[in-house]
Amino acid sequence: VGLDGVGTGTGTLLLNGSGTYLYNGYLRDQDNGGTTNKLNLIESGSGFQAISGVNVNYTGPTSITGGTLQLIDTRNFRSALAISAPGVLEINSSTPFATRWNYGQTISGNGTLNKTGTGVFGIIGVSNFAGQINLQQGTIHNDNLTANWNGSTADVNISAGATLDLRGNNIPID
């Protein structure tokens, strides 16, 4: 994602607004037939940015340092997540268990992760998260035995009707 749209290197999308925005379209790495140039995303503004749909599949890192980044049913999302206070990540899933949204990248930082929507969000990667997890609706679960929560010291609040499904894994509790 070079400056000319054809070159090499990474590109960064900076979201630093203070309003409320919704994007439902393509966010992906550039593949020029031999080299994949990664897209990085930074949410740093005080606003609310919602990104929706299955066409969000970039692999560069996502950093949330301010405001709220909401991912709505982005089942193909492949970016590592770093959430730093006061940043907020909201996972809004309506995906049913049968076709569950499994996330295999790293979640780290000391910000806030909110799970909304009645669907399932499965964590099958590494969680080194030290912030706050608010399970407001639906389910967060480990979908297989590869999820690793050992580095996580997050506080977890589970609202009535929401589910934290540990499946085959332990989550350390202090």
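The values are calculated or read from the model by the stated rules, or taken from the named source; none is laboratory data. Just so we're clear, the structure is a prediction, and the values are computed from it rather than from any experiment. FYI the Cβ positions are ideal-geometry reconstructions off the backbone, even for glycines, and counts take in every protein chain you see. The area values use the complete protein model at the heavy-atom level, side chains included, leaving out ligands, DNA and RNA. Shrake-Rupley method; radii C 1.70, N 1.55, O 1.52, S 1.80 Å.
For segment 99-163, give the percent of accessible area contributed by carbon and sulfur heavy atoms, probe 1.4 Å, rounded to a whole number. Please list the in-between numbers first.
Details: 1160 of 2630 Å².
Carbon with sulfur: 44 percent of the solvent-accessible area.
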* In Å and whole numbers, how far do the C-alpha atoms of the chain stretch along each principal axis, longest first? -> 49, 35, 28
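Taking the Cα centre of the chain as origin and charging only Cβ (+1 Lys, Arg; -1 Asp, Glu), how large is the dipole, in debye to the nearest 20? Present the calculation step by step, with values, prior to reporting the outcome.
Values: 7 positive and 10 negative charges, 38 e Å.
In total the dipole reaches around 180 debye.
For the chain, what is the accessible area per residue in Å² when the probe is 1.4 Å?
Details: 8280 Å² over 174 residues.
So the chain comes to 48 Å² accessible per residue, rounded to a whole number.
What percent antiparallel are the DSSP beta bridges of the chain, to the nearest 5?
Details: 2 of 59 bridges.
If we restrict to bridges inside the chain, about 5 percent are antiparallel.
Taking the Cα centre of segment 64-163 as origin, work out the dipole magnitude from +1 charges on Lys and Arg Cβ and -1 charges on Asp and Glu Cβ, in debye rounded to 20. Before the final figure, lay out the partial values.
Working: 4 positive and 4 negative charges, 31 e Å.
In total the dipole reaches around 140 debye.
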* Nonlocal amide H pairs with GLU90, under 5 Å, H built at 1.01 Å -> LEU69, GLN70, LEU71, ASN114
